[in-house]
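Notes to accompany the following structure.
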Amino acid sequence: MMRINSKIIEKHGLNEEEYKNIQKLLNRNPNLLELGIFSAMWNEHCSYKSSKIHLKKLPTKGKQVIQGPGENAGVIDIGDDDAIVFKIESHNHPSYIEPYQGAATGVGGILRDVFTMGARPIALLNSIHFGSPSHHKTKSLLNGVVSGIGGYGNCIGIPTVAGETKFNATYNENILVNAMAVGHAKKNKIFYSKAKGINKSVVYVGSKTGRDGIHGASMASAEFDENSEEKKPTVQVGDPFTEKLLLEACLELMRDDSIIAIQDMGAAGLTSSSVEMASKGSLGIELELDKVPCREENMTPYEMMLSESQERMLIILEDGKEDHARKIFKKWDLDFVVIGKTTNSKNITLKYNNKIEGEIPIEALSSKAPIYERKWTKKPISKNQIDLKKLKKIEIEDSLIKILSSPNHSNKNWITNQYDQMVMCDTAQRSGSDAAIIRIHNKDKAIAVSVDSSANYCKSFPISGGKQIVCENWRNIISVGAKPLAITNCLNFGNPENSQIMGEFAECLQGISEACKFLDYPVVSGNVSFYNGTNKKNIYPTPVIGGVGLIQNLSNPINHLFKKDNSIIILVGKTFGHLGQSCFIKENYSINEGNPPEVNLKNERENGENVLSLIQKNLVLSAHDVSSGGLLVSLSEMSIASNLGVKIQKPKKLTNINEYFFGEDQSRYLLEISADHLTRVEKNLKENNIFYELIGKTQKKYFEIEDEMKLDVNYLSKINNQWYYNY
């Protein structure tokens, strides 16, 4: 038997104090198999030991919430016995090491989280962040990740309908790949992972177990260094065709009452799935590891328990249902093996060739896992304010062209065209607008989905940044005529042992929590990804928000394309001209200073609810939220998408034209209104004390601001598309 020393403990991602706690909990020294299991269950990725205290502050309940955090995915009620199941997760570290497989298995893993709950997946989204375009690794990482996302989603036949792609030098050595999946289920057929009953069959289904992905969860809970390439064996290998079979087999078995509990083998594989099921049911579980289907020879119990091979599930069945279930999985050409049973021991007992190789109390791996209240420091408000008078003057036309041709604001069709967005035939509105729209099959209602992040805001002032991301996501959902219902979040941060990083995390969560509470936009699922950094250099704090909203009647879907010539453009919400942390300052002057714009939650809610009311009354032709790049960039996006121009008036009270047109003040929407609806729209806004401005009209061919600029819309489109072709 291998003697455990300090090097082995460190290699397993555990510190000395944690190892001493393991010895106390077992009342003996662990063997290598048991140490590996503790390593898997006590790492950040599985235990949330540094984040749990702060996560408890998030609002997770609401009349629309069926299941909040704690299960494989969140579940919300959309009426008529329909439920939406959704979650977002990170696959950052694996995607940096092996971009294609890292991204592909990120998609596969999040899909299993959704169909494990009994939902048929209906949409995929992603939020992907890369380093500077000039960095030597960026291009290959970008191509690999996009190919991996598209390859897995396209092959399994789930539409990839929305997302975001951003570039910043902070991700040069640690990219972010966050995948979100959304599924549809019936309210009375939601499946959970809580084990129940004694001597119930524990069944392994899906693909065989290999040596890929061993220590994947532990690798995701540590910083990179110059030896990151050596971690390639810890990256999982996916097979979307097998996952399609697994999806259909699970959903077929779920039609009756055979399943007591079901859990996918994701991070930490067989270890986490068995421990989590037993823990939730306050039971024990006994596994006979020599029965585990293996695709490689001479696999050890250690390798079996820690492998993160993909496309596998663990199921606890009702008595007498084994033969029925076996027939279904054999029909779909998948392994089906009873590998254990539930017990009343409250231990996980691991046998191999009739010999006990490991035995650990379940609570030692779950409820008694370490929880840290790490020190954190508050971020001071920046005193560096932008003084435009001291900067070289740039014409408004030149500024707009610079922004529209930049990597972050250029057209991303070259990415989204690699994704099948129409498979399943229920995509009513694909990527490119504020949110994608997915019809509930054979019904008039639909859901809207969107993902958002804003790392520079969160780095500058985390509380405001946290609020702003939630609010931007809220506006995106409203802009397509949907009522926002709930969010999932993926919290990407650096090393939590650094008090500044932990401060960014704590304050971002404070902002997210405040916004979600005020907007009645609860958090129903999510993921924390710490240790995103290399050689002590951490990424910017990058929480990603994935939102879901409901459209009760899809008879008149709304998007950001102007619909006709000579209609009226209304700007809802007040413009103060905030340029701190703005796209205008960054792209034109390479300045990354100042505080983000203030977020007035009262204005956000009131403006949003009134815009939604106008859309639902069919008084709005098109709508778009105003966010990164400000008013002029949002107008440009509407013009380019529709090939219609605008004629915009200069505001009468104006201190600086760039502040008005590029300021990133929050709570704002652009609405296109027909002349015959203007009176009703203005009456509604005035009665509800909503600030608005009539800023101009649509027109053919030209994008124009009086006395300042006049550009052909086709030229704007060309500018917006040129970055990729020159890259």
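The values are calculated or read from the model by the stated rules, or taken from the named source; none is laboratory data. All figures in this text were calculated on a predicted structure; none of them were measured in a lab. Glycine gets a Cβ as well: all are built from the backbone with ideal geometry, and neighbour counts include every protein chain shown. Quick note on the areas: whole protein, heavy atoms, side chains included, nothing else; ligands and nucleic acids left out. Shrake-Rupley method; radii C 1.70, N 1.55, O 1.52, S 1.80 Å.
Averaged over its residues, segment 587-716 has an accessible area of 43 Å² per residue, based on protein heavy atoms and a 1.4 Å probe.
Suppose R0 equals 60 Å. What FRET efficiency, 1/(1 + (r/R0)^6) with r the Cβ-Cβ distance, do I356 and C425 give to the nearest 0.05? Rounded to the nearest 0.05, the efficiency is 0.70.
How much of the DSSP bridge set in segment 428-575 is antiparallel, in percent, rounded to the nearest 5? That works out to approximately 75 percent antiparallel. Pairs from the list K378/K574; K208/K291; K194/K517; K564/K718; K383/K536 with a Cα-Cα gap above 18 Å: K378/K574; K194/K517; K564/K718; K383/K536. Along each principal axis, taking the top coordinate minus the bottom one, the Cα set of segment 548-612 gives 45, 32, 23 Å in descending order. Summing Lys and Arg as +1 and Asp and Glu as -1 over all other residues whose Cβ lies under 10 Å from the Cβ of I551 gives a net charge of +2. Which shape class, rounded, prolate or oblate, goes with segment 548-699 when its Cα gyration tensor gives a ≥ b ≥ c as root eigenvalues, a/c under 1.5 marks rounded, and past that a/b bigger than b/c marks prolate? Prolate shape, in that a/c is at least 1.5 and a/b is the bigger ratio. Within the accessible area of segment 262-360, the carbon and sulfur atoms contribute 41%, probe 1.4 Å, all protein chains present. Near G432, once Lys and Arg are set to +1 and Asp and Glu to -1 for all other residues with Cβ below 13 Å from its Cβ, the sum equals -1.
Applying both filters, DSSP loop and at most 12 other Cβ atoms within 10 Å, to the GluC sites (Glu not before Pro) of segment 459-523 eliminates every site.
Averaging Cα coordinates gives a centre for segment 300-361 and one for segment 43-100; these two points are 25 Å apart. Which log10 I(q)/I(0) values, to two decimals, does segment 313-387 give at q = 0.16, 0.18, 0.26 Å⁻¹ under the Debye formula with one point per Cα? The calculated log intensity ratios at q = 0.16, 0.18, 0.26 Å⁻¹ are -0.86, -0.97, -1.21. Protection proxy ranking for 291-299, 144-152, 613-621, using the average of other Cβ atoms within 10 Å per residue and placing the highest first: 144-152, 613-621, 291-299. What does the convex hull of the alpha-carbon atoms of segment 61-161 project to on average, in nm²? Dividing the Cα hull surface by four gives the mean projection, 7.5 nm². Principal-axis analysis of the Cα atoms of the chain puts helix 240-253 at an angle of about 70° to the longest axis.
Translational diffusion of the chain, estimated by Stokes-Einstein from the Kirkwood radius over alpha carbon pairs at 4 °C in a medium of 1.567 mPa s, is 49 µm² per second. Averaging the Cα positions of each part gives two centres, and for segment 261-286 and segment 688-702 these lie 56 Å apart.
Give me the Kirkwood hydrodynamic radius of segment 2-133, using the inverse of the mean 1/r over all pairs of distinct Cα atoms, in Å to one decimal. Don't jump to the answer; show the numbers that get you there.
Values: mean 1/r = 0.0553 Å⁻¹.
Value: 18.1 Å, from the Cα pair sum.
Based on the alpha-carbon gyration tensor of segment 412-469, what equivalent-ellipsoid semi-axes (square roots of 5 times the eigenvalues) come out, in whole Å, largest first?
Ellipsoid half-lengths, sorted descending, are 30, 16, 6 Å.
Can you give the charge dipole size of the chain about its Cα centre, rounded to the nearest 20 debye, using +1 on the beta carbon of Lys and Arg and -1 on the beta carbon of Asp and Glu?
Once rounded to the nearest 20, the dipole reads 1000 debye.
Shown is the FRET efficiency for F576 and N384, computed with R0 = 22 Å from the Cβ-Cβ distance and rounded to the nearest 0.05: 0.75.
Per residue, the convex hull spanned by the Cα atoms of segment 107-201 amounts to 138 cubic angstrom.
Of the trypsin sites (Lys or Arg not before Pro) found in segment 331-375, those that fall in a DSSP loop while having at most 12 other beta-carbon atoms within 10 Å are K375. Under 12 Å Cα-Cα from K351, which aspartates and glutamates qualify once same-chain neighbours fewer than 8 residues away are excluded? Result set, ordered by chain and number: E286, E288, D290, E359.
Enumerate by residue number the trypsin sites (Lys or Arg not before Pro) in segment 21-124 meeting two conditions: DSSP loop (anything except H, G, I, E, B), and at most 16 other Cβ atoms within 10 Å of the site's Cβ.
R28, K56, K57, K61, K63
Between the listed residues Y302, S367, A123, the Cα displaced farthest toward the positive end of the dipole of the chain, a dipole computed from Cβ unit charges relative to the Cα centre, is found at S367.
Net charge dipole, segment 428-493: roughly 140 debye, given to the nearest 20, about the Cα centre with Cβ charges of +1 for Lys and Arg and -1 for Asp and Glu. Where does segment 8-78 land on Rg(C-alpha)/(2.2 N^0.38 Å)? Against the compact-globule rule of thumb, the ratio is 1.52.
For the chain, the longest principal axis of the alpha carbon atoms and the long axis of helix 16-26 meet at an angle near 50°. Along the axis of the charge dipole computed for segment 362-492 (Cβ charges of +1 for Lys and Arg, -1 for Asp and Glu, origin at the Cα centre), the listed residues M422, H441, S454 are led at the positive end by S454.
Dipole of segment 463-572 (Lys/Arg Cβ +1, Asp/Glu Cβ -1, origin at the Cα centre): which of Q510, I569, N489 lies farthest to the positive side? Of the listed residues, the answer is I569. Quick check: at a probe of 1.4 Å, how many percent of the accessible area of segment 570-727 sits on carbon and sulfur atoms? In segment 570-727, the share of accessible area belonging to carbon and sulfur is 43 percent. Once you list every other residue whose beta carbon is under 15 Å from the beta carbon of L601, what net charge do they have if Lys and Arg are +1 and Asp and Glu are -1? Value of the local net charge: -1. Relative to the Cα centre, the charge distribution of segment 473-626, modelled as +1 at Lys and Arg Cβ and -1 at Asp and Glu Cβ, gives a dipole magnitude of about 380 debye. Per residue, the chain reaches -10000 deg cm²/dmol at 222 nm when only DSSP H runs of four or more residues are counted, each adding -39500 (n - 2.57).
Within a straight-line Cα-Cα reach of under 16 Å, K537 can be paired with the following lysines, leaving aside sequence neighbours fewer than 8 residues apart in one chain: K459.
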